[in-house]
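Below you'll find the structure, written out as structure tokens, and then a few comments.
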Protein chains: 2
Amino acid sequence: MHYFDVASTAPLHPVARQALTAALDEGWADPARLYRSGRQARMLLDAARETVAEALGARPDEISFTASGTQAVQLGMLGALRGNRRRGAHLVHSAVEHSSVLHVAERHGAEGGSVTAVGVDRHGRVAPGAFAAAVRPDTALAVLQSANHEVGTVQPVTETAELLGEVPLLVDAAQSAGRAAVPGGWSLLTASAHKWGGPAGVGVLAVRKGVRWSSPLPADERERGRVPGYVNVPAIVAAAASLRAVRAEAAAEDARLRALVDRIRARVPGSVPEVEVVGDPVHRLPHLVTFSCLYVDGEVLLGELDRAGFAVNSGSSCTSSTLTPSHVLAAMGVLTEGNVRVSLPLGVAEEAVDRFLDVLPGIVAGVRAPLGLDLPAPEATVGTLVVDALGKRCPVPVIELAKRIGDVPVGGTVVVLADDAAARLDIPAWCEMRGHEYLGAEGTRFTVRRTF
Amino acid sequence: MHYFDVASTAPLHPVARQALTAALDEGWADPARLYRSGRQARMLLDAARETVAEALGARPDEISFTASGTQAVQLGMLGALRGNRRRGAHLVHSAVEHSSVLHVAERHGAEGGSVTAVGVDRHGRVAPGAFAAAVRPDTALAVLQSANHEVGTVQPVTETAELLGEVPLLVDAAQSAGRAAVPGGWSLLTASAHKWGGPAGVGVLAVRKGVRWSSPLPADERERGRVPGYVNVPAIVAAAASLRAVRAEAAAEDARLRALVDRIRARVPGSVPEVEVVGDPVHRLPHLVTFSCLYVDGEVLLGELDRAGFAVNSGSSCTSSTLTPSHVLAAMGVLTEGNVRVSLPLGVAEEAVDRFLDVLPGIVAGVRAPLGLDLPAPEATVGTLVVDALGKRCPVPVIELAKRIGDVPVGGTVVVLADDAAARLDIPAWCEMRGHEYLGAEGTRFTVRRTF
């Protein structure tokens, strides 16, 4: 089984497992107790809080541990709305936030608050100016994700935050925490440990010192009065240990995962007819790509991929029982049917990705076969050629381009996949010299049009 | 270190640890996903739900897993109050509920609801009639614990429930679940896995079919719409496995733990001056006993006991920073200072309890020494003698009684500790024959007054 669904939950990181086992021995007691084992649990909890704070660019006393990312979002949003009631009851969020955010907004609206959902472009990205323009004098809270959970698009959080003035911004960093630096400008920050390879049962709510927050729940003195209930020390210790481990690995894996995703982004349209790769090709998470296949039932496609040994997910569904059209894809104005989200784990084998790319066209064709449709050929065969030079040093990418450009008709395009830094200079320079049209680069994907 | 604080948190049961390790391998994926590993996690979750339902006398579809006992109480109470708004906004609870219940009541009162706290007797027990008398036509919810967390007193839940008519009753079973059968008559039931030897991070909220409940939090489709957030399958699997294991062990250990607690109840007043053992001597949890020492700072006493190798807790404090007088002891009208709660783990060694009883008098005397008080001698030396015949077969308890009764003055009392079933007949019979006064039995404690 190839597990390509880390955006749902990442497999438990080996460091998390070791830390959990150790903390079940050393940190099992109630950290609120005064005897030795209680004090020991408290010290482990304090150390975990410092680790997480450092990783997220916060102070330890700004961090509270929740039971899940959803709980962090709920407590963060409801507490900030309650704490900023004097400003008013207006909430702003992007149209592509996680369902946990939308559900708080629904409840807020049903209870008399007002809500503005800010639209996104075709890549799922908000425009900072448009987002800031939705803010009003009575806006109590704005919410923006660091990166989208369905299509991987990274949001312009820092630029947006700069335009918001004194309106507190909650940044939902569930998809990026542990994989990328947390963007600046947040007043509240939320994350979820099982998304970065920590155990289930741990979320993070950070509230910047000075930000108004008032608990939406009955009093409880634990976690700075922000999260009621017994503190799950062993799981928190494991979450912190794995966050530290995964950050280093993610940095090392970033370029490799980006190249693998670029390969999927380039190859799928070349091998599957009537497919649309969605999400921002450049401002994106390194490991996540989503595409939609026309005329295909997403659930059936997932089932066939599962039988072929690939665990992937379909867009929005938070449960398997609600495969409704994704609100994210709808907001982007892109195809919502036959949706497949691939999110690659750290250390994924290149061969596994290639195998996925090999079997996908046949599986999609199989699902479509009963429909008896007469489909056009995939993009690549009608004028676009993909030249995969990933991992090859210059001048190989340019040599491959020169060799293959004659294979497309005049007016057709060649996409070169190259991750050697020199390609960014060499490919445009080659076009200039040879008179072909350089259409630009998106990540490791360079597009050239044959002009003669 | 002897850990005598299972009422705060029980050490992780070996079965829980094994199940957790296995479920981290087999049940790590998102149970909402359709691929194989997701379906496997779902099956483990379903099986765990059935186990817990069976153990608590509920149907699987009545059980939702929360992140803690406190979260179960909060969601249970707030959801029931919200769901029964048409009845009114009156809440009834006993004065000795856990702080999580009192905090929901405070919030409810602050938001316009009305609250009645029903008093208890000197043993911390509610009177069913008095509790039922607090119910009004606008009562939306009543809350009563199965057993008190500070003094171990078991509440007359079933008798009370019978008097409540259609008013829903939430039973907080945190201290008894896994140790004793759940009392009947509940509409909502709450529990906490780490109290029975399961991992932290798992609570249980059961809502009887047909009981009105409306989520106080924004929508989330997981756990039947009752508990937002990612479901912690490995911890839930471990919680269920340990609940099953612990129930069998608790039944086997019940008599032994009761006798050990009786020993503490009998011996402490005989060896420590100016001490009060609190809580119901008969209607009580098998493993928990609390006593208070006049003129002693509870926190200092806990520190000294910790240095002597005993981890115990002091009454009410949910955190070490709030050693305020216990609301439970205050409601009972008993001494609140110098409070020590001893809660024995399953399998505790008899020698450890005896060692505790040996060192306690010296430690209390040491804490009191700087005060320069002239204290009366302990109870036992002024007319009460404790004869410990626990574990001894009849006729030994009666022989011991006959040998020692001359050691107390006329009018003094002898307490015989005996767990042989025959003692209940033999000791009164011996008194009848010999002309001494039989004062009665409480559990394994038989009291006889010397009359001549």
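May I ask you to list the residues in region B:265-292 that are within 15 Å of B:Pro376 (Cα to Cα) and of a type in the set (D, E, K, R)? Before you say what the answer is, go through the steps one by one.
Here is the first cut: in region B:265-292, the ones within 15 Å of B:Pro376 (Cα to Cα) are B:268-276.
Of everything in region B:265-292, those that are within 15 Å of B:Pro376 (Cα to Cα) and of a type in the set (D, E, K, R) turn out to be B:Glu274, B:Glu276.
Scanning region A:44-63 for residues that are among the small types (Gly, Ala, Ser) and under 22 Å from A:Glu26 (Cβ atoms), which turns out surrounded by the fewest Cβ atoms within 10 Å (Cβ to Cβ)?
A:Ala47
Please go through region A:99-119 and give me each residue that is under 18 Å from the mean Cα position of the chain (by Cα) and buried (at least 24 other Cβ atoms within 10 Å of the Cβ), ordered by number.
A:Ser100, A:Val101
Does B:Val115 satisfy being over 20 Å from B:Ser68 (Cβ atoms) and either in contact with a Phe, Trp or Tyr (Cβ under 9 Å, 6 or more places away or on another chain) or not hydroxyl-bearing (Ser, Thr, Tyr) (or both)?
So B:Val115 fits the description; yes.
Scan region B:243-265 and tell me whether some residue there is within 14 Å of chain A (Cβ to nearest Cβ) and either among the small types (Gly, Ala, Ser) or in contact with a Lys or Arg (Cβ under 9 Å, 6 or more places away or on another chain) (or both).
No: zero hits.
Kindly indicate the residue of region A:397-452 that is touching a residue at least 24 places away in the same chain (Cβ under 8 Å), in contact with a strand residue (DSSP E or B) (Cβ under 9 Å, 6 or more places away or on another chain) and among the small types (Gly, Ala, Ser) and also farthest from A:Leu285 (Cα to Cα) among those meeting that condition.
Looking at residues that are touching a residue at least 24 places away in the same chain (Cβ under 8 Å), in contact with a strand residue (DSSP E or B) (Cβ under 9 Å, 6 or more places away or on another chain) and among the small types (Gly, Ala, Ser), I get A:Gly411.
Six or more apart or on different chains, Cβ atoms under 8 Å: show the pairs whose first residue is in region B:1-23 and farther than 20 Å from B:Ala47 by Cβ and facing chain A (nearest Cβ under 10 Å) and whose second is hydroxyl-bearing (Ser, Thr, Tyr) and surrounded by fewer than 24 Cβ atoms within 10 Å (Cβ to Cβ).
B:Met1/A:Ser37; B:Tyr3/A:Ser37; B:Pro11/B:Tyr3
Could you tell me which numbered condition B:Ala41 fails, if it satisfies all but one of (1) at the interface with chain A (Cβ under 7 Å from one of its Cβ atoms); (2) modelled with pLDDT of 95 or more?
(1)
Looking for whichever is at pLDDT 95 or above and over 19 Å from B:Val171 (Cβ atoms) here; the options are B:Thr190, B:Thr290. Which one fits?
B:Thr290
Scan region B:25-37 and tell me whether some residue there is within 13 Å of chain A (Cβ to nearest Cβ), modelled with pLDDT of 95 or more and within 22 Å of the chain's Cα centre (by Cα).
Within region B:25-37, none of the residues are within 13 Å of chain A (Cβ to nearest Cβ), modelled with pLDDT of 95 or more and within 22 Å of the chain's Cα centre (by Cα).
Suppose we filter A:Leu257, A:Leu305 for residues that are in a helix (DSSP H, G or I) and in contact with a His (Cβ under 7 Å, 6 or more places away or on another chain); which single one remains?
Checking each option against the conditions leaves just A:Leu257.
Given the conditions (1) outside the structural domain of B:Val143 (by TED's automatic domain parsing); (2) without any contact (Cβ under 8 Å) to a residue 40 or more places away in the chain, report the number of the one that B:Gly109 does not fulfil.
(1)
Please work out if B:Ala89 is in contact with a helix residue (DSSP H, G or I) (Cβ under 8 Å, 6 or more places away or on another chain), touching a residue at least 24 places away in the same chain (Cβ under 8 Å) and more than 20 Å from B:Ser146 (Cα to Cα). If you could, list the steps in order and put the result at the bottom.
On the way: in contact with a helix residue (DSSP H, G or I) (Cβ under 8 Å, 6 or more places away or on another chain): yes; touching a residue at least 24 places away in the same chain (Cβ under 8 Å): yes; more than 20 Å from B:Ser146 (Cα to Cα): yes.
In short, yes.
B:Val52: touching a Leu at 6+ places or on another chain (Cβ under 7 Å), of a type in the set (Val, Ile, Thr) and part of a helix (DSSP H, G or I), yes or no?
yes
Give just the number: which of (1) within 14 Å of chain A (Cβ to nearest Cβ); (2) more than 22 Å from A:Ala200 (Cβ to Cβ) does B:Phe65 not satisfy?
Result: B:Phe65 passes all but (2).
I'd like to check something: does region B:341-351 contain any residue that is out of contact with any Cys (no Cβ under 7 Å at 6 or more places or on another chain), under 30 Å from B:Pro14 (Cα atoms) and in a helix (DSSP H, G or I)?
yes
Given B:Pro218, B:Pro183, B:Pro199, B:Pro168, which one is free of Cβ contacts under 8 Å to residues at least 12 places away in the same chain and not small (Gly, Ala, Ser)?
Step by step, each of B:Pro218, B:Pro183, B:Pro199, B:Pro168 is checked, and only B:Pro218 is free of Cβ contacts under 8 Å to residues at least 12 places away in the same chain and not small (Gly, Ala, Ser).
Are any residues in region A:199-242 facing another protein chain (nearest Cβ under 9 Å), among the small types (Gly, Ala, Ser) and in a helix (DSSP H, G or I), and if so, which ones?
Listed by number, the list holds a single entry, A:Ala235.
The values are calculated or read from the model by the stated rules, or taken from the named source; none is laboratory data. Predicted, not measured: the structure shown is a model, and the values here were computed from it. Positions of Cβ are generated from backbone atoms using ideal geometry, with glycine treated the same way; all protein chains shown enter the neighbour counts.
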